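*Asks:* Okay, here's the structure, questions in a sec.
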Amino acid sequence: MVWETVIGLEIHAQLATRSKIFSGASTAFGAAPNTQACNVDLGMPGVLPVLNREAVRMAIRFSAAIDAELARRSVFARKNYFYPDLPKGYQISQLELPIVGPGEVQILLDDGETRAVGVTRAHLEEDAGKSLHEDFHGLTGVDLNRAGTPLLEIVSEPDMRSAREAVAYARKIHQIVQYIGICDGNMQEGSFRVDANVSVRHPGEELGTRAELKNINSFRFLERAINFEVERQIELLEAGGEVVQETRLYDADRDETRSMRSKEEANDYRYFPDPDLLPVELDEVFIAEVTADMPELPDARRSRFNQVYGLKPVDAATLTVSRPLADYFERVVEVSGDTRLAATWVMGELSGALNRDGLEITAASVTAEMLGGMLRRIADGTISGKLAKQVFEAMWQGGGSADEIIEARGLKQITNTGAIEKLVDEVIDANPRQVESFRQADEKKQAKMLGFFVGQVMKASRGKANPQQVNQLLRIKLV
Amino acid sequence: MPLDRSDVEKIAHLARLAVSESELDAVAGDLSNILDLVEQMDSADTVGVTPMAHPLHMAQRLREDRVTETDQRERFQSIAPATENGLYLVPQVIE
Amino acid sequence: MHDKSIAQLASGLRAGEFSSVDLTQAFLDRIEQYDGALNSFITIAEQAALKSAEAADRRLRTGKATLLTGIPIAHKDIFCTDGVKTSCGSRMLDHFIAPYDATVVTRFDQAGAVMLGKTNMDEFAMGSSNETSYYGPVHNPWDQESVPGGSSGGSAAAVAARLCVAATGTDTGGSIRQPAALCGLTGLKPTYGRVSRYGMIAFASSLDQGGSLTRSAADAAAMLQVMAGFDPRDSTSAERPVPDYGAALEDEIAGLRIGLPKEYFGEGLDPAVARSVEQAIDEYRRLGAEVKKISLPNSALAIPTYYVVAPAECSSNLARFDGVRFGHRCDDPKDLEELYKRSRGEGFGAEVKRRILIGTYALSAGYYDAYYLKAQQIRKLISDDFRSAFEQVDVVMGPTAPGTAFGIGEKADDPVTMYLSDTYTIAVNLAGLPAVSIPVAPVGGKPVGLQIIGDYFQESRLLNMAHRYQQVTDWHLAMPEMQDLG
């Protein structure tokens, strides 16, 4: 029995505005409960919403980034339902006339292939507050700080056919929203939420009944949740059962999806245009102003890295995975003047150190300037590549700039031919037997034995001798 | 179109309004009368007419993205029925 | 003192004939003396009023006062007043102390007006007789067995009985104009968007508008001058400059064209009221206005349309009253469902519940197109009727209400009969136009109102037409005989 998986994703990206979408309260994360919920957010009698310009600008940027149709006129609608974290008893959202229309993104699959995934629409809406269920002696505590935070709900076409594709799409959207600076993409803090609509069918048949999966807060869990759900549905259908259209929560501890008891009844949201808000009308001047200073998009940047810096596609992709990383890399290139070194070190030592210490690149203790400075010293021969690792580690621990460390530890590479020659002579004198063996050996064996002499000279120079010169001089003198 | 008891129960549930058993019939009657009044709309020919959600032909004003509200939790919660540690309390919600 | 206009009082204050404290105390005394029988006030803010009066007196001495400085007014209990109970006539908000001021309230405070208290109203502004208030019905000072009209019945009764100089009100389907008509006052509903709705507890957001109940057009001009203006906190607030409403009052009205819709003079109108209104129109002819018969063909659809749009919007606006953050909460709810249902069931009165239910039904799945959408389409037709009318005439006139003040309890049992009281006023809200009701010759000792409807943002013209009539008649100066409580 061949089954085809059909997946659509609904992503809620919290927009990085300073204030809420409809009020002037702060959106800063981590404040004490209800200290950032003003009267408008609390739904006090008599309050009214006023739309945040920056939220609109961010929606326009997103529209441009996915090449979508931008609605010149869009309308806010009320979605009516009762829940403690929804103060007004309705959520202000957009239904029939969303601000962003159909668009598309290219996703990168494991095999290096790309394919297009359609975005049906994206609309602006307000976030709800948070309910806390523990520790209140049988009661639930409600924090409305988050109520009113702007969200961009991005709905994909049901174009994905595997959990892998879904993850690739989610990652792509994640990358885009970060690149254009509209969302910080922090899934742990809930600023980037992914819900998956999953169904199965026999190829060629109509769409099967879908289940909506929620409570997924990492890409890894997204993949697992979808895979679990697909298996569950297949098993159910093969046993003669029916898939129920419902919302299911992903339980990361048990790696399974569970039906949400409280949402058994289909909600009648009684949508109607919000009479407290007027239609949003965008004129060409405003749109042009917003899209004029769009940052370079990830695909374009990757392409440019490939062409301008001559980076291999896979390296270009790695270095453009996030905008801060790409920015960092380019700054290193700028300061050091050496693309190859920059690529090697950013993808190598720097990434290694970041992973080891569990840091984001924005928190790196070695700035792009500092790394670039160090790479300049390798390029100009002041230090060897091997010693540079020491220097990097010292910088990482806060030992100052590359130059300061090189100076302090006397790590300057010895390139004075005379000095090296002296060391070479000393080593040759100190190892007569090895010299004799060398002179007796054939070319192949000689190549291997040279390493011993080079090593001795490097040791004698405490690593500071320029290896190429050591090599050269040894070859001349050992003959 | 008359409404009956079960219609009223459904609507009352959607609106989260308690309507007692004894009231159901009377309410159904009242609502039915109102719907009779409202049904007079049927006589209007509205084919092709644009719905008017607003008397004003204005576009939505956009507000500058600035934090203008300060923390007034104490004030706001002084009129709340039940709070603890800055949170609003409600009977437990099971998810 | 209690029978003077705003201008006369402002003059007297400046001349030192009396102080604002004197004035305020005088009104507080009248309230104590007469309001027991009328029940027009829900909250009397005695201490605060006297403090404001003192501040006003100081300000008057500096010469930096406005027309309203030191003048005692009342606010309909639908406007949020910081630190003062704001009940909206409902048990749901019986203990609600508003934590902020409505923009309208702020404007009056800034002008230096003195707030005597908050007036009684139909619960959540839903009603035409002020009988649905949690705090009991309001009695019409002209006949205490009769209703004052609604929903701004408390404001109307208070001004009519001279318990305050003027009062604010709100009008969603006629709630300023109809009580003004039944109480012999000038009641002005401005163009939708002219007055900020921030802090004005919402009933039907696309219809609600704040206005005033006063004894004359001149006083209404003074009140509107304070209330009108763009408010950045209200997205539906119009960014239009505010003219000097007093300046145009005396303008010549000869040559202005008055339209009389035939639909407003047909069945259902009390013949005596019709005669009174026709007499008033004759007066306008004498003042030089031209009178034409016009038609507003979709008039009969106004009430059915309103009773879909208003309940639909209110069903959503009142969802916030859930016992969680403010307002009435039931005792010992066993779960969330019960918290909502019982808090709302206990907090809201019967009329409010009816409207929430109808509104919920009209928006629900399967009914949206037939009800809500259809209603919004008819709204367009009704607006278009007025647009055509204003191409031929400058103002539209007719009776404000089909009869005079009816008896308390007379229509309370049948909601639909009550709804028909708004038959001439409702279309104005659907279109968002400005309108004023002014007193004309009474019938059987009870006041009768003439409604004057203008084109968008034509409040100056409306007040001008009202004022010119009031210069040649004195219906607006009549005061009911107040029965002492003894």
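The values are calculated or read from the model by the stated rules, or taken from the named source; none is laboratory data. Note that the structure is predicted; figures quoted are calculated from it, not measured. Glycine gets a Cβ as well: all are built from the backbone with ideal geometry, and neighbour counts include every protein chain shown. Areas reflect the complete protein model, heavy atoms only, side chains present, ligands, DNA and RNA absent. Shrake-Rupley method; radii C 1.70, N 1.55, O 1.52, S 1.80 Å.
*Asks:* Among the residues of the stretch C:293-332, how many are hydrophobic (A, V, I, L, M, F, W, C), under 14 Å from C:VAL352 (Cβ atoms) and in a loop (DSSP other than H, G, I, E, B)?
*Replies:* Counting residues in the stretch C:293-332 that are hydrophobic (A, V, I, L, M, F, W, C), under 14 Å from C:VAL352 (Cβ atoms) and in a loop (DSSP other than H, G, I, E, B) gives 1.
*Asks:* One residue is enough: does the stretch A:444-462 have a residue meeting the conditions part of a loop (DSSP other than H, G, I, E, B) and under 26 Å from A:ARG377 (Cβ atoms)?
*Replies:* Within the stretch A:444-462, the first condition is being part of a loop (DSSP other than H, G, I, E, B), and the residues that meet it are A:461-462.
Next cut, under 26 Å from A:ARG377 (Cβ atoms) only: A:461-462.
There is at least one residue in the stretch A:444-462 that is part of a loop (DSSP other than H, G, I, E, B) and under 26 Å from A:ARG377 (Cβ atoms).
*Asks:* Looking at B:PRO51 and the list (1) in contact with a helix residue (DSSP H, G or I) (Cβ under 8 Å, 6 or more places away or on another chain); (2) within 9 Å of chain C (Cβ to nearest Cβ); (3) part of a helix (DSSP H, G or I); (4) open to solvent by 50 Å² or more (accessible area, probe 1.4 Å), which single condition is not satisfied?
*Replies:* Here B:PRO51 clears every test but (3).
*Asks:* Right, next: Please work out if A:THR362 is within 22 Å of the chain's Cα centre (by Cα), among the polar types (S, T, N, Q) and open to solvent by 20 Å² or more (accessible area, probe 1.4 Å). Even if it seems obvious, please write down each step before you answer.
*Replies:* On the way: within 22 Å of the chain's Cα centre (by Cα): yes; among the polar types (S, T, N, Q): yes; open to solvent by 20 Å² or more (accessible area, probe 1.4 Å): yes.
Spelling it out, A:THR362 is indeed within 22 Å of the chain's Cα centre (by Cα), among the polar types (S, T, N, Q) and open to solvent by 20 Å² or more (accessible area, probe 1.4 Å).
*Asks:* Just to be sure I understand, how many residues within the stretch A:348-366 are over 27 Å from A:ILE414 (Cβ atoms) and touching a residue at least 12 places away in the same chain (Cβ under 8 Å)? Walk me through how you get there before you give the answer.
*Replies:* So in the stretch A:348-366, the residues over 27 Å from A:ILE414 (Cβ atoms) come out as A:350-365.
Add one more test, that the residue is touching a residue at least 12 places away in the same chain (Cβ under 8 Å), and what stays is A:350, A:353, A:360-362, A:364-365.
Selection size over the stretch A:348-366: 7.
*Asks:* Name the residues in the stretch A:279-298 that are farther than 15 Å from A:ARG57 by Cβ and within 13 Å of chain B (Cβ to nearest Cβ), would you?
*Replies:* So the first thing to find is which residues in the stretch A:279-298 are farther than 15 Å from A:ARG57 by Cβ, and the list is A:279, A:296-298.
Once the filter is applied, which keeps residues that are farther than 15 Å from A:ARG57 by Cβ and within 13 Å of chain B (Cβ to nearest Cβ), the stretch A:279-298 yields only A:PRO279.
*Asks:* Evaluate the stretch A:189-204: report whether one residue or more is within 14 Å of another protein chain (Cβ to nearest Cβ), in contact (Cβ under 8 Å) with a residue 60 or more places away in the chain and either in a loop (DSSP other than H, G, I, E, B) or aliphatic (A, V, I, L, M) (or both).
*Replies:* First pass over the stretch A:189-204, keeping only residues within 14 Å of another protein chain (Cβ to nearest Cβ): none.
Scanning the stretch A:189-204, I find no residue that is within 14 Å of another protein chain (Cβ to nearest Cβ), in contact (Cβ under 8 Å) with a residue 60 or more places away in the chain and either in a loop (DSSP other than H, G, I, E, B) or aliphatic (A, V, I, L, M) (or both), so the answer is no.
*Asks:* Give the residue, chosen from A:THR339, A:THR344, A:THR247, that is more than 14 Å from chain C (Cβ to nearest Cβ), surrounded by 15 or more Cβ atoms within 10 Å (Cβ to Cβ), closer than 30 Å to A:TRP3 by Cβ and polar (S, T, N, Q). Spell out how you get there, then give the answer.
*Replies:* Numbers: A:THR339 fails: closer than 30 Å to A:TRP3 by Cβ; A:THR344 fails: closer than 30 Å to A:TRP3 by Cβ.
Result: A:THR247 is the single residue among A:THR339, A:THR344, A:THR247 that is more than 14 Å from chain C (Cβ to nearest Cβ), surrounded by 15 or more Cβ atoms within 10 Å (Cβ to Cβ), closer than 30 Å to A:TRP3 by Cβ and polar (S, T, N, Q).
*Asks:* Before we move on, is C:ASP3 assigned to a helix (DSSP H, G or I) and open to solvent by 30 Å² or more (accessible area, probe 1.4 Å)? Steps first, please.
*Replies:* Numbers: assigned to a helix (DSSP H, G or I): no; open to solvent by 30 Å² or more (accessible area, probe 1.4 Å): yes.
Considered against the rule, which asks whether it is assigned to a helix (DSSP H, G or I) and open to solvent by 30 Å² or more (accessible area, probe 1.4 Å), C:ASP3 comes out as no.
*Asks:* Still on this structure, I have one more. State which residue is most open to solvent (accessible area, probe 1.4 Å) when the search covers only the stretch A:293-315 and only residues that are assigned to a helix (DSSP H, G or I) and closer than 19 Å to A:GLY181 by Cα.
*Replies:* Taking the stretch A:293-315 and keeping what is assigned to a helix (DSSP H, G or I), we get A:298-308, A:313-315.
Adding the requirement that they be closer than 19 Å to A:GLY181 by Cα leaves A:298-302.
Numbers: A:PRO298: 4, A:ASP299: 55, A:ALA300: 51, A:ARG301: 17, A:ARG302: 73 Å².
Within the stretch A:293-315, the match that is most open to solvent (accessible area, probe 1.4 Å) is A:ARG302.
*Asks:* Which residues, taken from the stretch C:36-68, are β-branched (Val, Ile, Thr), over 27 Å from A:VAL47 (Cα atoms) and touching a helix residue (DSSP H, G or I) at 6+ places or on another chain (Cβ under 7 Å)? So that I can check it myself, show each step before the final result.
*Replies:* Pass one, the stretch C:36-68, residues β-branched (Val, Ile, Thr): C:42-44, C:62, C:66.
Next cut, over 27 Å from A:VAL47 (Cα atoms) only: C:62, C:66.
If the condition is that a residue be β-branched (Val, Ile, Thr), over 27 Å from A:VAL47 (Cα atoms) and touching a helix residue (DSSP H, G or I) at 6+ places or on another chain (Cβ under 7 Å), then C:THR66 is the only one that fits.
*Asks:* Given (1) in contact with a helix residue (DSSP H, G or I) (Cβ under 9 Å, 6 or more places away or on another chain); (2) touching a residue at least 24 places away in the same chain (Cβ under 8 Å); (3) not in a helix (DSSP H, G or I), identify the lone condition not met by A:GLY400.
*Replies:* So the condition that A:GLY400 fails would be (2).
*Asks:* So for the stretch B:69-81 (the condition being open to solvent by 40 Å² or more (accessible area, probe 1.4 Å), over 30 Å from A:ASP143 (Cα atoms) and more than 7 Å from every other protein chain (Cβ to nearest Cβ)), does at least one residue qualify?
*Replies:* No, because not a single residue in the stretch B:69-81 is open to solvent by 40 Å² or more (accessible area, probe 1.4 Å), over 30 Å from A:ASP143 (Cα atoms) and more than 7 Å from every other protein chain (Cβ to nearest Cβ).
*Asks:* Please determine whether any residue of the stretch C:234-253 is in a loop (DSSP other than H, G, I, E, B), within 14 Å of chain A (Cβ to nearest Cβ) and either under 18 Å from C:SER155 (Cβ atoms) or open to solvent by 10 Å² or more (accessible area, probe 1.4 Å) (or both).
*Replies:* At the first step, the residues of the stretch C:234-253 found to be in a loop (DSSP other than H, G, I, E, B) are C:234-253.
With the extra rule that they be within 14 Å of chain A (Cβ to nearest Cβ), the set shrinks to C:234-239.
Those left that are additionally either under 18 Å from C:SER155 (Cβ atoms) or open to solvent by 10 Å² or more (accessible area, probe 1.4 Å) (or both): C:239.
Checked against the condition, which is being in a loop (DSSP other than H, G, I, E, B), within 14 Å of chain A (Cβ to nearest Cβ) and either under 18 Å from C:SER155 (Cβ atoms) or open to solvent by 10 Å² or more (accessible area, probe 1.4 Å) (or both), the stretch C:234-253 yields at least one hit.
*Asks:* Conditions: (1) hydroxyl-bearing (Ser, Thr, Tyr); (2) farther than 15 Å from A:PHE392 by Cβ; (3) within 16 Å of the chain's Cα centre (by Cα); (4) open to solvent by less than 60 Å² (accessible area, probe 1.4 Å). A:THR318 meets all but one. Number of the miss?
*Replies:* (4)
*Asks:* Sort out which residues of the stretch C:373-430 are buried (at least 19 other Cβ atoms within 10 Å of the Cβ), within 14 Å of chain B (Cβ to nearest Cβ), among the hydrophobic types (A, V, I, L, M, F, W, C) and within 14 Å of C:GLY174 (Cα to Cα), and write them in order of number.
*Replies:* Those that are buried (at least 19 other Cβ atoms within 10 Å of the Cβ), within 14 Å of chain B (Cβ to nearest Cβ), among the hydrophobic types (A, V, I, L, M, F, W, C) and within 14 Å of C:GLY174 (Cα to Cα): C:MET418, C:ILE426, C:ALA427, C:VAL428, C:LEU430.
*Asks:* Next question. If you scan the stretch C:254-266, which residues turn out to be over 19 Å from C:VAL436 (Cα atoms) and buried (at least 22 other Cβ atoms within 10 Å of the Cβ)?
*Replies:* Listed by number, the list is empty, since nothing qualifies.
*Asks:* Only one residue in A:ALA32, A:ALA59 is within 26 Å of the chain's Cα centre (by Cα) and farther than 26 Å from C:THR360 by Cβ. Which one?
*Replies:* Unique residue meeting the criteria: A:ALA59.
*Asks:* Next up: Which one is farthest from the chain's Cα centre (by Cα) among residues in the stretch A:195-211 that are more than 11 Å from A:TRP3 (Cα to Cα) and open to solvent by 30 Å² or more (accessible area, probe 1.4 Å)?
*Replies:* Among those that are more than 11 Å from A:TRP3 (Cα to Cα) and open to solvent by 30 Å² or more (accessible area, probe 1.4 Å), it is A:GLU206.
*Asks:* I've got another one for you. Quick one: in the stretch C:349-370, which of the residues that are at the interface with another protein chain (Cβ under 7 Å from one of its Cβ atoms) and in contact (Cβ under 8 Å) with a residue 40 or more places away in the chain is most open to solvent (accessible area, probe 1.4 Å)?
*Replies:* The residue in question is C:ARG354.
*Asks:* What tally of residues in the stretch A:131-166 results from selecting those that are within 14 Å of chain B (Cβ to nearest Cβ), modelled with pLDDT of 95 or more and open to solvent by 40 Å² or more (accessible area, probe 1.4 Å)?
*Replies:* Final tally of qualifying residues: 1.
*Asks:* Across the stretch C:448-463, what is the number of residues that are open to solvent by 10 Å² or more (accessible area, probe 1.4 Å) and of a type outside the set (Lys, Arg)? Let's see the steps before the verdict.
*Replies:* Taking the stretch C:448-463 first, the residues open to solvent by 10 Å² or more (accessible area, probe 1.4 Å) are C:455-458, C:460-461.
Add one more test, that the residue is of a type outside the set (Lys, Arg), and what stays is C:455-458, C:460.
Going through the stretch C:448-463 one residue at a time, the tally reaches 5.
*Asks:* Continuing with the same structure: For residues that are facing chain A (nearest Cβ under 10 Å) and crowded, with 21+ Cβ neighbours inside 10 Å, tally how many sit in the stretch C:324-340.
*Replies:* First, pick out the residues of the stretch C:324-340 that are facing chain A (nearest Cβ under 10 Å): C:324-327, C:336-337, C:339-340.
Now restrict to residues that are crowded, with 21+ Cβ neighbours inside 10 Å: C:324-327, C:336, C:339-340.
Of the residues in the stretch C:324-340, 7 are facing chain A (nearest Cβ under 10 Å) and crowded, with 21+ Cβ neighbours inside 10 Å.
*Asks:* OK, next. Is it the case that C:PHE18 is buried (at least 21 other Cβ atoms within 10 Å of the Cβ) and of a type in the set (Phe, Trp, Tyr)? Working first, answer last.
*Replies:* On the way: buried (at least 21 other Cβ atoms within 10 Å of the Cβ): no; of a type in the set (Phe, Trp, Tyr): yes.
Spelling it out, it is not the case that C:PHE18 is buried (at least 21 other Cβ atoms within 10 Å of the Cβ) and of a type in the set (Phe, Trp, Tyr).
*Asks:* Right, here's the next one. Looking at C:ALA218, C:ALA202, C:ALA274 in this structure, which one is open to solvent by 10 Å² or more (accessible area, probe 1.4 Å) and touching a Cys at 6+ places or on another chain (Cβ under 9 Å)?
*Replies:* On the way: C:ALA218 fails: touching a Cys at 6+ places or on another chain (Cβ under 9 Å); C:ALA274 fails: touching a Cys at 6+ places or on another chain (Cβ under 9 Å).
Exactly one residue qualifies, and that residue is C:ALA202.
*Asks:* List, please: which pairs have Cβ atoms under 8 Å, are six or more places apart or on different chains, and start with a residue in the stretch A:329-343 that is polar (S, T, N, Q) and end with one that is open to solvent by less than 40 Å² (accessible area, probe 1.4 Å) and not in a helix (DSSP H, G or I)?
*Replies:* From the stretch A:329-343, the pairs are A:THR339/A:LEU311.
*Asks:* Can you spot a residue in the stretch B:25-44 that is closer than 23 Å to A:TYR90 by Cβ, within 7 Å of another protein chain (Cβ to nearest Cβ) and either of a type in the set (Gly, Ala, Ser) or in contact with a Ser or Thr (Cβ under 8 Å, 6 or more places away or on another chain) (or both)?
*Replies:* No: zero hits.
*Asks:* Then there is this: Does C:ASP231 meet the test of being acidic (Asp, Glu) and either touching a Cys at 6+ places or on another chain (Cβ under 9 Å) or over 19 Å from C:THR400 (Cβ atoms) (or both)? Full working, then the answer.
*Replies:* Working: acidic (Asp, Glu): yes; either touching a Cys at 6+ places or on another chain (Cβ under 9 Å) or over 19 Å from C:THR400 (Cβ atoms) (or both): yes.
So C:ASP231 fits the description; yes.
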